[in-house]
1. What's the number of the only condition in (1) under 30 Å from residue 20 (Cβ atoms); (2) surrounded by 13 or more Cβ atoms within 10 Å (Cβ to Cβ); (3) at pLDDT below 85 that residue 119 fails to meet?
2. Any idea which residue in segment 79-95 is nearest to residue 131 (Cα to Cα), counting only those that are under 14 Å from the mean Cα position of the chain (by Cα) and surrounded by fewer than 16 Cβ atoms within 10 Å (Cβ to Cβ)?
3. Could we say that residue 34 is surrounded by 20 or more Cβ atoms within 10 Å (Cβ to Cβ) and within 18 Å of residue 107 (Cβ to Cβ) here?
4. Quick one: in segment 82-100, which of the residues that are assigned to a loop (DSSP other than H, G, I, E, B) and at pLDDT 80 or above is nearest to residue 14 (Cα to Cα)?
């Protein structure tokens, strides 16, 4: 069983989430529900949970401020929030998980499975990156956190050349010639990068950084030659979208 703590200042949200977990996630045991971040800190120190479901918007101390209380965070965090575009973007780039209220049972199941499958807890650097983005309201996200089998890698966006699908894994090829394997599907990586316009899905197996495209070669779908000399196939269904991005003045 995975021990979990729920933290939310709205009691009806706590009760609803507790019922959803009981109905759809039998592997999770809710050991305490906390109606404030302060109570949440005490519960975490007492029970040492595997997962914390943490509301972002709370009075006195919000979810991000609560995380700053901990020097180390040896538990998975699943944020729960109403729609907040900036906060969600920051969470996504940090490779952390979130659930939108009202919570969809299918999304809850996926979030719990991901948390259970992750062999190491999120790094302190991930949370520091997230909190820094939130506190300073930076408009540019310069790094993303990439989950690997060993933990997490923080990668500069400008270093990402292309990403290649490998079943439920994704291979990152960097401009430094380094190669990193992420334990996330390409679809999940695409979601993480969707707010960054330079990254485009050109094939069911490939996502590329448009800044690193050297040449497009025509064909049924055609293919790209990247700055490192590698080639990337373009699917027929994504060809027109790619050409519009490469030549916006012609469309």
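The values are calculated or read from the model by the stated rules, or taken from the named source; none is laboratory data. Just so it is clear, the structure is predicted and the values come from calculations on it, not from any experiment. We place every Cβ from the backbone using ideal geometry, glycine too, and count neighbours over all the protein chains shown.
1. It is condition (2) that residue 119 fails.
2. 86
3. Answer is no for this residue.
4. 82
A quick yes/no check of all residues on (1) over 15 Å from the mean Cα position of the chain (by Cα); (2) touching a residue at least 60 places away in the same chain (Cβ under 8 Å); (3) assigned by TED's automatic domain parsing to the domain that holds residue 191:
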site: 97; (1), (2), (3): no, no, no
site: 105; (1), (2), (3): yes, yes, no
site: 109; (1), (2), (3): yes, yes, no
site: 127; (1), (2), (3): no, yes, no
site: 167; (1), (2), (3): yes, no, yes
site: 175; (1), (2), (3): yes, no, yes
